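Before any comments, here is the structure.
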Amino acid sequence: MNNLFVFCELDEGRPADVSLELLTRGRSLANTLGCRLEAVVLGSGLDGIENELYPYGVDVVHVGDDPVLEHYRTMPYTSVITGLFRQEQPQIALMGATSTGRDLGPRVSSALHSGLTADCTSLEIGDHYVKKTDSTYKNLLYQIRPAFGGNIIATIINPDHRPQMATVREGVMKRETVNKNYRGELKKIDVSAFIKPEDLAVEIIERHMEARKVDIKSAQIIVSGGYGVGSKENFAMLYELASLLGGEVAASRAAVDAGYAGHERQVGQTGVTVRPKLYIACGISGQIQHTAGMNQSGKIISINNDPMAPINTIADYVINGDVGEVIPKLIKYYKANAR
Amino acid sequence: MNGIKIVVLAKQVPDTRNVGPDAMKADGTVNRSVLPAIFNPEDLNALEQALRIKERYEGVTVTLLTMGPGRAAEIIREGLYRGADSGVLLTDRAFAGSDTLATSYALALAVRSLAPDLVIGGRQAIDGDTAQVGPQVAEKLGWPQVTYAEEMHFEGERLIIRRRLERGVETVSAPLPLVVTVNGTAPACRYRNAKLLMKYKYARTDTELQTESSDYIAASRPVIKITEWGVDAISADPEQLGLSGSPTKVKEIENVILQSKESKRLTASDSDIESLVRELLENHTIG
């Protein structure tokens with residue numbers, strides 16, 4: 001009872017990266033709390049799935065294996081998860097901030113009347129002192145996220161309600177196995193006990209899932225454009241430079257919102273977190289929402305005509321100039337000097 | 001589906017693209033009074049979906065529901081100009097400081113009073129990006145939800161909805177009653193209609209009528225009322241609202257101080273750029 005639970009999503013039948021990242025973080029939080037780490041996997045045809053999770057230090061894997069759970073649907077998944085959580089009383093429940101997690105998380109949190117914090121960039125354990133009652137809540141989950149235009153970082157807590165729920169985007173946490181021989185316990189969920197007939201009211205007629213076309217997370221070099229790039233057409237220079245350097249093109253939220261680049265290229269709190277060897281920020285001012293997703297890059301180059309752009313403070317190289325002038329020069333001198 | 005009643009959930013949001021340093025109050029809540037306020041973009045996509053259903057079928061009504069301070073009546077008028085039939089503003093001091101769960105509680109009660117067949121809202125609001133309120137309202141109503149909708153139409157009594165997911169597209173069939181949240185990838189909302197603008201220009205809540213100098217509202221003109229509901233109108237339990245009804249608390253807020261690195265400052269000159277490229281090649285950052 002009162003353990004730390006991670007809802008593990010499947011991607012083509014394998015545990016999704018974001019879930020493995022959450023297990024990694026969950027393991028270390030569970031160590032701090034002195035509680036067990038438990039995983040929940042729902043789907044169909046899941047034989048042996050637990051063996052892919054144990055190496056992350058998972059003590060218990062709850063598996064709900066049933067044809068009605070083959071593809072994610074809100075209602076049956078909610079019923080199983082809330083039913084399980086009512087039984088197991090987790091103190092913390094983590095989910096990926098994916099299409100699935102962002103649909104399931106709020107539904108579960110409402111059913112259990114617990115708080116949910118979206119898109120956390122950091123999770124810690126700490127105490128909370130309440131002056132009014134002179135009492136201290138021990139070992140709460142600090143759900144840390146940039147808020148409101150990126151001017152602040154907020155620490156959110158749920159003192160009185162359980163589970164303390166949070167979603168985290170892919171790539172924010174690091175992924176690391178504990179021991180490939182680590183073995184936990186498998187528990188099968190009696191799915192039919194939780195699902196009501198009306199949970200199946202919404203039917204999937206058609207699904208077209210595409211393989212990931214763009215993978216900025218694993219790129220070693222990223223050329224990233226912001227609103228300051230000025231247009232979709234101007235992004236062509238960024239693609240040219242990126243392909244020359246063997247990298248990928250990314251974008252800030254402002255650039256994505258303006259239609260300069262697709263959402264799959266968005267770096268930041270509500271996009272992807274990246275840790276490339278080199279990050280070239282072109283016309284990006286550097287609000288915390290963006291820097292939260294790239295500040296662990298090896299080297300950062302900022303190209304900006306505003307010498308006071310916030311991103312310059314974390315850049316290794318600051319080029320004060322127009323993106324439209326600097327990028328062609330980078331291309332030219334790379335071609336001239338590279339072997 | 002002829003004759004259905006649709007409620008569109010909408011939020012007036014601070015324009016997060018123009019945020020200043022005084023945007024937050026000491027208690028960690030948003031200081032809305034200093035920020036320009038706009039109709040949350042994805043809620044406009046939601047309104048468009050509702051208006052399309054209204055056009056296609058007979059006797060469909062669209063009611064805009066919003067919760068917020070008095071000035072949120074602005075987005076109800078905006079919705080009326082674009083084709084909504086009526087609007088309800090949920091406003092009460094008791095709602096202040098509500099997190100998503102307490103907000104959903106109040107909205108769900110208001111939806112119950114309006115008794116619609118279909119609730120449509122934007123996927124998320126740009127001030128919080130949580131995408132929680134739609135699903136939480138659905139849960140409180142005990143209705144199914146379909147999120148990330150891009151297109152929808154009826155086949156018989158079921159709504160066929162195309163959903164845009166991170167990695168693809170899914171089409172589902174759902175019965176009513178239902179809560180749908182709409183993505184920004186759905187068609188943009190139509191513009192204001194000149195006739196509707198004339199008709200609803202002076203639509204006002206009771207509070208607005210009492211507080212505004214009413215000189216410019218011609219006495220001869222019948223005023224169209226925007227419904228205003230407080231805690232009592234929806235029989236809400238005050239304990240479930242505001243800060244006391246919110247499981248999540250803001251423990252701490254910190255101003256962001258980026259850890260400064262010693263940066264090399266360069267100009268856009270040819271010599272600066274060439275020496276940078278050479279340096280990166282030499283230390284194998286690029287190659």
For the stretch B:52-170: rounded, prolate or oblate by the Cα gyration tensor [a/c cutoff 1.5]: oblate
Projected label distance in nm at B:LEU243 and A:ASP215, using a 7 Å step from Cα toward the beta-carbon: 4.8 nm
Average partner coverage of A:320-328, which counts Cβ from other chains inside 10 Å: 3
Other protein chain Cβ atoms within 10 Å, averaged over every residue that makes up B:120-130: 3
Mean separation of Cα contacts under 8 Å, 6 or more apart, over the residue count of chain A: relative contact order %: 15 percent
For the stretch A:221-337, average projected area of the Cα convex hull in nm²: 6.1 nm²
Peptide-level mean, for B:266-279, of C-beta atoms on other protein chains within 10 Å: 6
Loop-located GluC sites (Glu not before Pro) in the stretch B:116-216 whose Cβ has at most 16 other Cβ within 10 Å (DSSP): B:GLU157, B:GLU166, B:GLU212
Of all DSSP beta bridges in chain B, antiparallel share, percent nearest 5: 40 percent
Estimated distance in nm for a label pair at B:GLU282 and B:HIS153, the labels positioned 7 Å out from Cα along Cα-to-Cβ: 6.5 nm
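Take each of the peptides A:179-188, A:152-161, A:96-105, average the number of other beta-carbon atoms within 10 Å over its residues, and list them starting from the highest.
Ranked by mean Cβ neighbours within 10 Å, highest first: A:96-105, A:152-161, A:179-188.
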Burial ordering of A:HIS128, A:HIS208, A:HIS290, fewest other beta-carbon atoms within 10 Å first: A:HIS208, A:HIS128, A:HIS290
Between the stretch A:33-87 and the stretch A:268-331, the alpha-carbon center distance in angstrom: 40 Å
Dimensionless Rg over Rh [chain B; C-alpha; Kirkwood]: 1.09
Distance between the stretch A:107-174 and the stretch B:119-186 - C-alpha centres, whole angstrom: 26 Å
Pair A:GLU176, B:ARG93: separation of 7 Å Cα→Cβ label points (nm): 5.1 nm
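Multiply the residue separation of A:GLN87 and A:LYS131 by 0.36 nm, subtract the distance between their alpha-carbon atoms, and state the gained length in nm to one decimal.
Residue separation times 0.36 nm, minus the Cα-Cα distance, leaves 12.5 nm.
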Fluctuation leader among A:CYS282, A:CYS120, A:CYS35 - chain A, Gaussian network, Cα springs under 10 angstrom: A:CYS35
Chain lengthening between B:THR211 and B:VAL169 when straightened (0.36 nm per residue, less Cα-Cα): 10.2 nm
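Report the convex hull volume per residue for the stretch A:144-227, counting only C-alpha atoms, in Å³.
319 Å³
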Quarter of Cα convex hull surface for the protein assembly as shown, i.e. mean projection, nm²: 30.5 nm²
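Give the dimensionless ratio obtained when the Cα radius of gyration of chain A is divided by 2.2 N^0.38 Å.
Taking the Cα Rg and dividing by 2.2 N^0.38 Å, one obtains 1.10.
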Antiparallel DSSP beta bridges within the protein assembly as shown, as percent of all bridges there, nearest 5: 35 percent
Packing-based exposure ordering (other Cβ within 10 Å, fewest first) of A:HIS62, B:HIS284: B:HIS284, A:HIS62
DSSP-defined antiparallel bridges as percent of all bridges, chain A, nearest 5: 25 percent
Taking all pairs of distinct alpha-carbon atoms in the stretch A:4-200, Kirkwood radius in angstrom: 17.0 Å
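Here, each number is a calculation from the coordinates, and none is a lab measurement. Quantities reported herein were computed from a predicted structural model and do not represent experimental measurements. Because the Cβ atoms are built from the backbone with ideal geometry, glycine has one as well, and the counts that use them run over all protein chains shown.
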